[in-house]
Amino acid sequence: MKTILYDSSDLSEIIKQLKLGELIAFPTETVYGLGADATNESAVKNVFCVKNRPLDNPLTINVSGVKMLNMYVSNISTPVLKLLKYFWPGPLTVILNAPNKFLDIITNGNVNVGFRCPSNKIANAIIDGLGNAMVGPSANISGKPSPLTKEHVLHDLNGKIKGIVTNDESPLGIESTILDCTKVPFEIIRPGVVSKEEIETILQQKTIQNTEGQKSLKHKHYQTSNQLVMVHKEDWNKVQEYVNQTNSKTFGILATKKILSMFHNEKNIKRFSLGSNVKDATSNLFNGLRFFDDQVNVLKVFVQTFNGPDSDAYMNRLKSSANDVFFN
């Protein structure tokens, strides 16, 4: 199969192909998703197949707005409606009770389902034109870093899917926040672009942040072909000594410009800049992981850590990718 590159002018053809059961990778404001008609069992099965995604890993449902959400969820609570009014369309996934509304292969038999409404214009137009929900996991091989560009999608899925919609909008670079609204209080299952503080400001009530969830996940995420090692800010001098003592090997540094400036003389280093601060780093992390995933001669990649509430989403992805390995 030849994977076709589409743009926004091809909207009617994109919708036609989805209705025919084809898979289309589409941009969102966060990362690229892999779209399939949620009512088409064959298409949904193909999503699991091309991604090599475990069947016990449920899929998120993409809708075009609250109107479409009402097709699947009854009696949406006032707190949830407050959140949706403020954050939708946008990078917030809400888990709601939707029994018997979707194929078992989508939900793995669960009655609770994650719903997302992307704010990317073409993504929202595709879902709206399809007229019903669309599944949209990240458009990559399962376990690999999430894709931010059409090149990332082509790297993983070229020849396996019908098409890729090119993106005119810059992605935020990190996936949506997942909020379980079936629990009291609401629980953040995965930190993302929308912060705990923002959610609590809208709700005017506390939420819980699941800090152990990533450790208990049965499936690996954001893995690269080389070993990642997380580095606290006080340990970079030790990393520099280690690299200089092992100059027969090639290492990677994934860090801010300030940290990278420490390694301007080392010849056995490959570098990727995360930018200047934690916000930049969150946006650039997947690009950096993808860069080093193709550097097969790199023995280890040393990656900068951050502290503070603004670093929750970044550290969540990094710890998963590095399998909780720190430099010491």
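The values are calculated or read from the model by the stated rules, or taken from the named source; none is laboratory data. None of the values given here were measured: they were computed from a predicted structure. Here Cβ is always computed from backbone atoms with ideal geometry, including for glycine, and neighbour counts include all displayed protein chains. Accessible surface is based on the protein model in full, side chains and every heavy atom, while ligands, DNA and RNA are left aside. Shrake-Rupley method; radii C 1.70, N 1.55, O 1.52, S 1.80 Å.
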**Study point:** Two-site FRET efficiency, Lys19 against Tyr86, from Cβ-Cβ distance with R₀ of 35 Å, rounded to 0.05
**Key:** 0.60
Point to revise | Heavy-atom SASA rank of Met134, Met71 (probe 1.4 Å, accessible area, largest first) | key: Met71, Met134
Review point. Once both axes come from the Cα atoms, what is the angle between helix 121-130 and the longest principal axis of the chain, in degrees from 0 to 90, rounded to 10?
Key: 30
Point to revise | Rounded to the nearest 20 debye, dipole of the stretch 134-233 from Cβ charges on Lys, Arg, Asp, Glu | key: 460
Check your understanding: Which percent of the Cα-Cα distances in the chain go past 30 Å?
Key -> 36
Review point. Between the helical axis of 236-245 and the dominant principal axis of the chain, each derived from Cα atoms, what acute angle in degrees is found, rounded to the nearest 10?
Key: 60
Exercise for review: With a ≥ b ≥ c taken as the square roots of the eigenvalues of the C-alpha gyration tensor of the stretch 137-221, please select rounded if a/c is under 1.5 and otherwise prolate if a/b is larger than b/c or oblate if it is not?
Suggested key: prolate
Check your understanding: Rounded, prolate or oblate: which one fits the stretch 125-283, using the alpha carbon gyration tensor with axes a ≥ b ≥ c (rounded when a/c is under 1.5, else prolate when a/b beats b/c, else oblate)?
Key -> oblate
Practice item. At 7 Å along the Cα-to-beta-carbon direction for both Ser170 and Glu241, put a label point, then send me their distance in nm to one decimal. Key: 4.0
Review point. If you put +1 on each Lys and Arg Cβ and -1 on each Asp and Glu Cβ, how big is the dipole of the chain around its Cα centre, in Debye rounded to 20?
Key: 400
Practice item. May I ask for the equivalent-ellipsoid semi-axes of the stretch 18-102, computed as the square root of five times each C-alpha gyration tensor eigenvalue and listed largest first in whole Å? Key: 25, 15, 12
Review point. For Ser170, Ser195, Ser321, what's the largest-to-smallest order of accessible area, 1.4 Å probe?
Key: Ser170, Ser195, Ser321
Check your understanding: Sorted by accessible area (1.4 Å probe), largest first, how do Ile15, Ile161 line up?
Key -> Ile15, Ile161
**Study point:** Accessible area (Å², 1.4 Å probe, nearest 10) - His219
**Key:** 40
Point to revise | the chain, relative contact order in percent, only Cα pairs under 8 angstrom and at least six apart counted | key: 20
**Study point:** trypsin sites (Lys or Arg not before Pro) lying in DSSP loop within the stretch 257-328, provided at most 10 other Cβ fall within 10 Å
**Key:** Lys267
Practice item. First check a/c for the stretch 74-208, with a ≥ b ≥ c the square roots of the eigenvalues of its C-alpha gyration tensor; if it is under 1.5, answer rounded, and if not, answer prolate when a/b is larger than b/c or oblate otherwise. Key: prolate
